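Taking it in order: structure first as structure tokens, then the write-up.
The values are calculated or read from the model by the stated rules, or taken from the named source; none is laboratory data. What you are looking at is a predicted structure, and each value in this text was computed from that prediction instead of being measured. Positions of Cβ are generated from backbone atoms using ideal geometry, with glycine treated the same way; all protein chains shown enter the neighbour counts.
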Amino acid sequence: MYRKLKPALLLLAYLTGIISLQAQTADDLVRYVNPLVGTDSKYELSNGNTYPAIAMPWGMNFWTPQTGKMGNGWTYQYAANKIRGFKQTHQPSPWINDYGAFSIFATTNKLVFDEDKRESWYAHKAEVATPYYYMAYLADYNTTVEITPTERAACFRITFPETEKAFLIVDGFFKNSYIKVVPEEQKIIGYACNAAGGVPENFKNYFVIYVDKPFEQVYTVKEGVLFADQFEAHSKHSGAILRFKTTHNEQIHLRIASSFISFDQAERNLRREIGDLTFEQLTALGKNRWNEQLSRVVVEGGTEAQRSTFYTALYRTMLFPRKFFELDNGNKVVHYSPYNGEVRDGYMFTDNGFWDTFRAVFPLFTLLFPELDSQIMEGLANAYLESGWLPEWASPGHRDCMIGSNSALIIADAYLKGIPIPHINTLYDAVLKNSENEGPMSSVGRYGVDYYNSLGYVPYDVGKNENAARTLEYAFADFGIWKMSQKLERAPAESNTFFQRASNYKNVFDTSVNFMRGRNADGSFQSPFRPDKWGDAFTEGCSWHWTWCVFHDVQGLINLMGGNENFVKKLDEVFTTAPTFDYSYYGVQIHEITEMLVMNMGQYAHGNQPIQHMPYLFAFAGQPWKTQYHVRNIMDKLYSPAPDGLCGDEDNGQTSAWYVFSAMGMYPVTPASGQYVLGSPLFNKITLHLENGKSFIINAPDNNQNNCYVKKAMLNNKPYSKNFILHDDILKGGTLTFSMDQLPNTTKGTLKDDAPYSMSGLVR
């Protein structure tokens, strides 16, 4: 709505929103968010692999201070001492890297462009990082840089000392860039073409920059060479330097916007999102926007550190997938297609690996942000229509990364929960195509699908890597398709096919060892077998982790293991078995292995996604108190509001979404089932403000650090023994009350009907 308003009305609308928000929450929730959490990471060991994303929720562009070199995926590292730029970034992961990046920097007295020579000492003591505002003091230049973002634009405020040589640097980055300085308009335009993959040949990030002070002199830069009084540069690596005379503490403001469509659209984005608003007004608007979104969940009780950890985690779930669409001159939603290079109507989102986010991020969207989820579904339909395939890892187009067919799960989960999806038949056609075809790269479609559909598994010995893991994920995707086919009233034969395929996980389970195991085309299991061998038949993990990846049929897995007692014993062993490993498949000890080792939690590897749901599986086998113990222990031990406060890759919000759900006392073990498995709530009270106008309250008044066990539960003042809660019951509004205790209640949640959904059990 705000995009249609004039700046003055825009400000009024937002200020009104601030008053309303304060009346509702009586708190400034964004103050708990620390964007520096997870930034104390490196290639060898990840504590999040994040950077401080200065951005609006799901914004098209982020901004971040840059400590790493151009093209380095570790763009900001907490341990670094120097800043070399303030970068517009679209990076979803250091492993995927960035695209369309360019940077701004400020120096004094030293005319220099080279990123190594221009970098400046800085300190965290003179750094302020919030989602909506960033500030750093550049000690070498006695200069302060401040940033406040919108979805597609940003305002910079740079405070200079008194000098005749104040320099503003615009770096268009490598891989082809263009810069043009227009002194009479105090404007710079340009584009950045850099990308690590997934872009058409005509890909450009067009940017416009307006400066509120006339330029004393202009330099353009081509391949590191400076050209005085030349106003245009087009080369592999282009840039510009503007010189100013400044008085003591003089502030220069930059208004910046970009577009993947055109220069005109970048100008449009600037007018629409910044207009004549001041830096302070934009900062207030950004703060309000974050408070508005964060207030979907209001927590009470707990420690200051726990509240900070929670809202920082919630912030991380609100960054990806990013909005890759813009509004044209008539306020129509349009997008540059990263799949065919055309400008098309409709929504588009990108920068997401569904292998990670199908687990908890997208289920969180269905609960808290259903309108957004509906838009994402439309974007998926557009991606399919423009490329012929559903994305599995997009940044911004298809990337060959990870495994699975997990787009089917996020579509099924949304559709089955009643999220409006106008193009559901198109999306169903897309998942059907995936189920029968390999794609243009191994991560798109289903790699090894002919074997899977004929044998019921992807064989170990036919040259299809990570085969057992693929089998498990395809089987879960088939479960989602089966559930969709039922609701869409597809032909019974079609529906039955996917029901049968959903049981294919059984084909890679070896009852002689009670582990998932690679299986040869002739039906024999691969040999020799070590359950702690990483990779090979599995993806970024070993059989200790992947054996539990039967999200849709835990009861079926229990049956394969010989019943509840054997199942629980095996679960216990995950935490008690020494963290041995075999890395011979990779040839090196990958960082995920190291992260498992340093946790001191046996074979449990929370830093990577395959096993994150596993602590909740005790609830399927009649021992929910063990779920309660382990999830609380993981929250306490592996998360904090510190720069090293995450464990492993954050991965587009998934590791954070685990914490958000777990702190609420539940987790979506089985997307597309309509259930959340109950655990141990972290706070005394949590209120979910739902989009339908209802509120759902999770009460645990006697909760504290020691009381991690649930003695009893009440749903809307009625005794509640089940180890799950229905999505539909939450949407109705109401109250779930937990009585917490220091000792486990070993009689609650033990009956068969208390167990969450399993395909092998009674279909609820």
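Confirm whether PRO57 is of a type outside the set (A, V, I, L, M, F, W, C), assigned to a loop (DSSP other than H, G, I, E, B), in contact with a Lys or Arg (Cβ under 9 Å, 6 or more places away or on another chain) and farther than 30 Å from VAL588 by Cβ.
When the stated conditions are applied, PRO57 passes them.
Quick one: count up the residues across the stretch 360-412 that are among the aromatic types (Phe, Trp, Tyr) and either farther than 20 Å from VAL199 by Cα or in contact with a Cys (Cβ under 7 Å, 6 or more places away or on another chain) (or both).
So the count comes out to 4.
For the stretch 420-489, please list each of the helices (runs of 4 or more DSSP H) lying entirely inside it that holds at least 1 residues being at pLDDT 95 or above and touching a Leu at 6+ places or on another chain (Cβ under 6 Å).
424-436, 467-487
Mind telling me which of the residues LEU242, LEU168, LEU254, LEU226 ends up being in contact with a Cys (Cβ under 8 Å, 6 or more places away or on another chain) and either of a type in the set (Lys, Arg) or in contact (Cβ under 8 Å) with a residue 60 or more places away in the chain (or both)?
Answer to the check: LEU254.
Taking the conditions exactly as written (crowded, with 16+ Cβ neighbours inside 10 Å, in contact with a Pro (Cβ under 8 Å, 6 or more places away or on another chain) and outside the structural domain of SER387 (by TED's automatic domain parsing)), does VAL221 satisfy them or not? Working first, answer last.
Values: crowded, with 16+ Cβ neighbours inside 10 Å: yes; in contact with a Pro (Cβ under 8 Å, 6 or more places away or on another chain): no; outside the structural domain of SER387 (by TED's automatic domain parsing): yes.
Here the answer is no, as VAL221 does not meet what is asked.
What residue, of LYS748, LYS732, LYS722, LYS711, is closer than 28 Å to GLY563 by Cβ and either among the β-branched types (Val, Ile, Thr) or out of contact with any strand residue (DSSP E or B) (no Cβ under 7 Å at 6 or more places or on another chain) (or both)?
LYS722
Determine, yes or no, whether LYS694 is closer than 13 Å to GLY749 by Cα, modelled with pLDDT of 95 or more and not aromatic (Phe, Trp, Tyr).
no
Being crowded, with 17+ Cβ neighbours inside 10 Å, touching a Leu at 6+ places or on another chain (Cβ under 9 Å) and either without any contact (Cβ under 8 Å) to a residue 40 or more places away in the chain or polar (S, T, N, Q) (or both) is the filter here, so list the residues in the stretch 737-755 that pass it.
Answer for the stretch 737-755, where residues must be crowded, with 17+ Cβ neighbours inside 10 Å, touching a Leu at 6+ places or on another chain (Cβ under 9 Å) and either without any contact (Cβ under 8 Å) to a residue 40 or more places away in the chain or polar (S, T, N, Q) (or both): just THR737.
Yes or no: the stretch 104-118 includes at least one residue that is buried (at least 23 other Cβ atoms within 10 Å of the Cβ), assigned to a loop (DSSP other than H, G, I, E, B), modelled with pLDDT of 95 or more and not charged (D, E, K, R).
No, there is no match, as no residue in the stretch 104-118 is buried (at least 23 other Cβ atoms within 10 Å of the Cβ), assigned to a loop (DSSP other than H, G, I, E, B), modelled with pLDDT of 95 or more and not charged (D, E, K, R).
Looking at the stretch 447-493 only, could you name the residues that are closer than 19 Å to PHE525 by Cβ and hydrophobic (A, V, I, L, M, F, W, C)?
Of everything in the stretch 447-493, those that are closer than 19 Å to PHE525 by Cβ and hydrophobic (A, V, I, L, M, F, W, C) turn out to be LEU455, VAL458, VAL462, ALA468, ALA469, LEU472, ALA475.
Looking at ILE725, ILE730, can you tell me which residue is among the hydrophobic types (A, V, I, L, M, F, W, C), without any contact (Cβ under 8 Å) to a residue 60 or more places away in the chain, surrounded by 16 or more Cβ atoms within 10 Å (Cβ to Cβ) and within 18 Å of LEU368 (Cα to Cα)?
Unique residue meeting the criteria: ILE725.
When you scan the stretch 634-650, do you find a residue that is assigned to a helix (DSSP H, G or I), at pLDDT 95 or above, polar (S, T, N, Q) and under 29 Å from HIS124 (Cα atoms), even just one? So that I can check it myself, show each step before the final result.
Our first condition is that a residue be assigned to a helix (DSSP H, G or I); within the stretch 634-650, this holds for 634-638.
After this cut, where a residue has to be at pLDDT 95 or above as well, the list is 634-638.
Restricting the remaining residues to those that are polar (S, T, N, Q) gives none.
No; the residues of the stretch 634-650 include none that is assigned to a helix (DSSP H, G or I), at pLDDT 95 or above, polar (S, T, N, Q) and under 29 Å from HIS124 (Cα atoms).
Out of the stretch 558-593, which residues are over 20 Å from ASP754 (Cβ atoms) and among the aliphatic types (A, V, I, L, M)?
Residues satisfying the conditions are LEU560, VAL574, ALA578, VAL588, ILE590, ILE593.
Show me the helices (runs of 4 or more DSSP H) entirely contained within the stretch 506-603 in which 1 or more residues are within 24 Å of PHE476 (Cα to Cα) and either in contact with a strand residue (DSSP E or B) (Cβ under 7 Å, 6 or more places away or on another chain) or in the same structural domain as ARG359 (by TED's automatic domain parsing) (or both).
On the way: elements: 543-546, 554-561, 564-576, 591-599.
Passing ranges, in order: 543-546, 554-561.
Checking the conditions here, which among ALA313, ALA284 is surrounded by fewer than 24 Cβ atoms within 10 Å (Cβ to Cβ) and among the hydrophobic types (A, V, I, L, M, F, W, C)?
It is ALA284.
Looking at TYR219, TYR210, can you tell me which residue is farther than 28 Å from MET60 by Cβ and either at pLDDT 95 or above or among the polar types (S, T, N, Q) (or both)?
Working: TYR210 fails: farther than 28 Å from MET60 by Cβ.
From the options TYR219, TYR210, the qualifying one is TYR219.
In the stretch 541-592, what residues are within 16 Å of ALA621 (Cα to Cα) and small (Gly, Ala, Ser)?
Within the stretch 541-592, GLY556, GLY562, GLY563 qualify.
Do you know which residues across the stretch 333-375 are over 18 Å from HIS727 (Cα atoms), part of a loop (DSSP other than H, G, I, E, B) and not aliphatic (A, V, I, L, M)?
Scanning the stretch 333-375 gives SER337, PRO338, TYR339, ASN340, GLY341, GLU342, GLY346, TYR347, ASP351.
For TYR428, state whether it is of a type in the set (Phe, Trp, Tyr), surrounded by 19 or more Cβ atoms within 10 Å (Cβ to Cβ), touching a helix residue (DSSP H, G or I) at 6+ places or on another chain (Cβ under 7 Å) and within 19 Å of ALA383 (Cα to Cα). Steps first, answer last, please.
Numbers: of a type in the set (Phe, Trp, Tyr): yes; surrounded by 19 or more Cβ atoms within 10 Å (Cβ to Cβ): yes; touching a helix residue (DSSP H, G or I) at 6+ places or on another chain (Cβ under 7 Å): yes; within 19 Å of ALA383 (Cα to Cα): yes.
In short, yes.
From the set of residues in the stretch 197-223 that are within 16 Å of HIS237 (Cβ to Cβ) and not charged (D, E, K, R), which is nearest to the chain's Cα centre (by Cα)?
The selected residue is ASN205.
Taking ASP400 and the conditions (1) among the acidic types (Asp, Glu); (2) surrounded by fewer than 24 Cβ atoms within 10 Å (Cβ to Cβ); (3) over 21 Å from TRP95 (Cα atoms), which numbered condition does it fall short on, given that it satisfies the others?
(3)
Tell me the strands (runs of 3 or more DSSP E) entirely within the stretch 235-328 that contain at least 1 residues that are touching an Asp or Glu at 6+ places or on another chain (Cβ under 7 Å). Can you show your working first?
Values: elements: 238-246, 250-259, 297-300.
Of the strands (runs of 3 or more DSSP E) lying wholly inside the stretch 235-328, those with at least 1 residues that are touching an Asp or Glu at 6+ places or on another chain (Cβ under 7 Å) span 238-246, 250-259.
If a residue must be surrounded by 23 or more Cβ atoms within 10 Å (Cβ to Cβ) and among the hydrophobic types (A, V, I, L, M, F, W, C), how many such residues does the stretch 84-103 contain?
The total comes to 3.
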